[in-house]
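What follows is a short report on a single structure.
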Amino acid sequence: MPEPADASDLERENDPYAILRNRNFLLYLTGRFIASLGQQMLTVAVGWEIYERTGSTLALGFVGLVQMAPMVLFTLPAGHVADNYNRKKIILLMQLLLAVSCGGLALASAFQAQVYWTYCSLFVMGIARTCLWPASASFLPQLVPRRQFARAVTWNTGCFQISAVTGPAVGGALIALTRSAALVYALNGVAALVCLVLIGWVRTHHAAVVKERMSLKSIAVGLNFVYRTKVVLGSITLDLFAVLLGGATAMLPVYAKDILHVGPRGLGWLQSALPMGSLLMSLILVHRPPLQKAGRTLLWAVALFGLATIGFGYSRTFWLSFLMLFACGATDYISVVVRHTLVQLLTPDAMRGRVSAINSLFIGTSNQMGEFESGMVAHFTNSVFAVVSGGVGTILVVVAVAVLWPEIRNYGRLDA
């Protein structure tokens with residue numbers, strides 16, 4: 001039998017701030033925070049500029065599609081690379097590529113180039129983010145002990161939400177002041193370079209025990225693992241369809257300009273509402289023990305996300321819309337923490353890159369495809385129907401997952 005933990009071990013486990021004394025984790029956390037801050041500023045800038053220049057909801061939908069294409073093409077090979085090469089070096093190279101793509105966006109915006117060039121830069125950015133995610137997600141478990149990993153995920157996701165709260169608001173304010181997105185794109189490039197430097201200072205390195213040649217068989221290892229592990233399969237599937245159907249964020253520029261009439265500054269605050277809700281939930285989760293009934297909590301959180309999406313769709317006042325998006329962010333945060341923790345803890349290190357890639361492919365493409373789906377539905381019907389029907393679909397998905405994978409309903413302690 002394992003020896004009982006001594007008092008100091010228990011105190012460290014219960015101290016939500018003890019993990020911040022881990023130098024490598026703190027550098028990683030700071031770098032990812034700065035990069036995320038720039039990325040969130042960029043998100044609101046791209047949506048505003050495309051809609052301002054084209055006035056087309058379909059053009060907004062193509063923003064999601066052009067970033068989804070690299071995920072479909074490169075995610076599974078990127079997972080193989082993350083398992084067979086130095087993950088830290090991959091992260092550094094992809095941060096550099098992100099900075100280059102931001103330079104392309106800034107130039108296209110400053111010189112009012114054809115929208116085609118903006119889409120090209122977003123495609124390159126999509127390649128960098130696609131290759132970055134499996135390496136970064138599988139690098140994090142190397143920085144902290146297993147029993148601290150759930151708290152590390154909570155801190156990592158919480159810091160992302162802080163950046164997502166401030167990023168869109170700052171981005172919207174900069175656009176309102178300059179009437180251009182070029183400065184926002186340039187600042188995101190600087191943020192990517194700062195992240196590169198901080199990750200470079202992390203002392204932990206990953207080296208594959210046995211390198212495998214890239215083949216369909218080696219890539220399929222991650223798929224086989226996900227299929228066999230029903231808890232992982234169910235949680236990924238739940239998020240995939242919930243995010244695909246609940247992609248209300250693609251319609252935020254339309255709601256800000258045509259329905260709520262709040263302009264770019266109001267758009268920035270609407271973009272910030274989701275991460276504000278997530279931030280509040282992160283403060284709650286980081287100061288409490290790991291979830292005892294993680295599966296049931298996950299299902300209820302996604303169902304409430306669907307209800308809040310419906311409420312936002314019908315809202316005609318700014319503050320009610322803000323409140324509904326805030327609720328979406330709080331419930332979505334629970335789903336993200338549970339899913340990411342389960343995927344990393346239940347996966348052997350030798351397969352973490354490939355399994356993280358599958359997770360990224362499912363969730364990332366559903367984010368981008370959700371934007372495209374919302375744009376298409378709004379184009380052929382209207383924006384309100386696109387949002388409300390997505391919320392209804394999300395609730396139906398929760399019911400289906402609860403029935404098909406009872407392992408999700410019965411899953412207990414998150415860090416077990």
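The values are calculated or read from the model by the stated rules, or taken from the named source; none is laboratory data. Keep in mind it's a predicted model, so treat the numbers as computed, not measured. Here Cβ is always computed from backbone atoms with ideal geometry, including for glycine, and neighbour counts include all displayed protein chains. For accessibility, only protein heavy atoms count, side chains too; no ligands or nucleic acids. Shrake-Rupley method; radii C 1.70, N 1.55, O 1.52, S 1.80 Å.
The conditions of being farther than 24 Å from Thr130 by Cα and aliphatic (A, V, I, L, M) are met by Ala378. Take the conditions (1) at pLDDT below 85; (2) closer than 25 Å to Tyr85 by Cβ; (3) not small (Gly, Ala, Ser); Arg203 misses just one of them, which is (1).
Taking the criterion of being more than 30 Å from Leu396 (Cβ to Cβ), buried (at least 21 other Cβ atoms within 10 Å of the Cβ) and of a type in the set (Gly, Ala, Ser), the only residue of the stretch 260-307 that qualifies is Gly268. Taken together, Gly311, Gly391 contain a single residue that is small (Gly, Ala, Ser), over 24 Å from Ser138 (Cα atoms), assigned to a helix (DSSP H, G or I) and open to solvent by 10 Å² or more (accessible area, probe 1.4 Å), which is Gly311. No other residue among Ala137, Ala78 is over 21 Å from Ala181 (Cα atoms), touching a Phe, Trp or Tyr at 6+ places or on another chain (Cβ under 9 Å) and part of a helix (DSSP H, G or I) apart from Ala78. The set of residues in the stretch 397-416 being loosely packed, with under 15 Cβ neighbours inside 10 Å, assigned to a helix (DSSP H, G or I) and either touching a strand residue (DSSP E or B) at 6+ places or on another chain (Cβ under 6 Å) or not β-branched (Val, Ile, Thr) (or both) consists of Ala400, Leu404, Pro406, Asn410. Taking the numbered list (1) modelled with pLDDT under 85; (2) surrounded by fewer than 24 Cβ atoms within 10 Å (Cβ to Cβ); (3) not polar (S, T, N, Q) in turn, Arg352 passes all entries but (2).
Figure legend. Inter-residue proximity from the stretch 129-143: first residues of a type in the set (Phe, Trp, Tyr), second residues outside any helix (DSSP H, G or I), beta-carbon distance below 8 Å, spacing 6+ or different chains. Indicated pairs: Phe139/Thr204; Phe139/His206. Would you check if Gly370 is within 13 Å of Phe241 (Cα to Cα) and not aliphatic (A, V, I, L, M)? Criteria met by Gly370. On the given criteria, is Gln344 within 30 Å of Ala82 (Cβ to Cβ) and either touching an Asp or Glu at 6+ places or on another chain (Cβ under 6 Å) or of a type in the set (S, T, N, Q) (or both)? So Gln344 fits the description; yes.
Here the stretch 314-325 is the region considered, the condition is being open to solvent by less than 40 Å² (accessible area, probe 1.4 Å) and of a type in the set (Ser, Thr, Tyr), and the residue that is nearest to Leu285 (Cα to Cα) is Ser321. All told, Ala152 falls short of being in a loop (DSSP other than H, G, I, E, B) and either more than 15 Å from the chain's Cα centre (by Cα) or of a type in the set (Ser, Thr, Tyr) (or both).
Given the conditions (1) open to solvent by less than 10 Å² (accessible area, probe 1.4 Å); (2) modelled with pLDDT of 85 or more, which single one is not true for Asn359? Looking at each condition in turn, Asn359 falls short on (2). Applying a threshold of 7 Å to beta carbon distances and a minimum spacing of six or more residues, or different chains, the list of pairs starting in the stretch 230-241 at a residue that is touching a residue at least 40 places away in the same chain (Cβ under 8 Å) and within 12 Å of Glu407 (Cβ to Cβ) and ending at one that is open to solvent by 30 Å² or more (accessible area, probe 1.4 Å) and charged (D, E, K, R) reads Lys230/Glu407; Val231/Glu407; Gly234/Glu407. Each residue in the stretch 155-181 was checked for being touching a Phe, Trp or Tyr at 6+ places or on another chain (Cβ under 9 Å) and open to solvent by 10 Å² or more (accessible area, probe 1.4 Å), and 8 pass. Given the options Thr381, Thr341, name the one that is farther than 30 Å from Arg213 by Cα and not acidic (Asp, Glu). Answer to the check: Thr381.
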